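Heads up: the structure comes next, in structure tokens.
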Amino acid sequence: QVQLVESGGGLVQPGGSLRLSCAASRNILSLASMAWYRQAPGNQRELVALISSSGLTNHADSVKGRFTISRDIAKNTVSLQMNSLKPEDTAVYYCNAYYIRERYWGQGTQVTVSS
């Protein structure tokens, strides 16, 4: 079992920045991967960024150059730094962990980009 707790969402103006954090209940090096997904109303949940246990990262084309996924091994946390936010980034953002062939999800945090 893996418990994930997200924090850091909120309301921001276009062009602004937010940082999301996800605290895991297990040593994150024991997880095959951790990732951030997002889901906007009426849309499917989509992968935003992923970091593997070895530290390799992958970002969706829509966020490349603006978002960065990172991790703090000592704190068992994964973060998503979001810069140059756009209204189309508005969504509920979910932390995800892949562990022993099962996926675990956080409760989600709302990010709203609006003037």
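Each Lys and Arg Cβ is given +1 and each Asp and Glu Cβ -1; about its Cα centre, the chain then shows a dipole of about 160 debye.
Packing-based ranking of 17-24, 104-111, 58-65, 33-40 yields 33-40, 17-24, 104-111, 58-65, ordered from highest to lowest mean Cβ neighbour count within 10 Å. Of the residues 3, 76, 63, the one whose Cα sits farthest towards the positive end of the charge dipole of the chain is 76 (charges of +1 on Lys and Arg Cβ, -1 on Asp and Glu Cβ, taken about the Cα centre). Note on the range 68-115: dipole from Cβ charges, positive end direction compared against 96, 108, 85; the farthest Cα belongs to 96. You can think of it this way: the chain between residue 40 and residue 62 has 6.5 nm of extra reach, that is 0.36 nm per residue less the Cα-Cα gap.
For residue 114, neighbours were defined as the other residues whose beta-carbon sits under 15 Å from its Cβ, and their charges (Lys and Arg +1, Asp and Glu -1) total -1.
Rounded, prolate or oblate: which one fits the range 38-86, using the alpha carbon gyration tensor with axes a ≥ b ≥ c (rounded when a/c is under 1.5, else prolate when a/b beats b/c, else oblate)? Because a/c hits 1.5 or more and a/b exceeds b/c, the range 38-86 counts as prolate.
Here the accessible area is traced with a 1.4 Å probe on the protein chains. For the chain, carbon and sulfur cover 47 percent of it. Between 42, 15, 55, the Gaussian network model of the chain with springs among Cα atoms under 10 angstrom shows the greatest mean-square fluctuation at 42.
The values are calculated or read from the model by the stated rules, or taken from the named source; none is laboratory data. Since the model is a prediction, treat every value here as computed from it, not as a measurement. When we count neighbours, we look across all protein chains shown, and the Cβ atoms used for this are built from the backbone with ideal geometry, even at glycine. Keep in mind that these areas ignore ligands, DNA and RNA; they rest on the heavy atoms of the full protein, side chains included. Shrake-Rupley method; radii C 1.70, N 1.55, O 1.52, S 1.80 Å.
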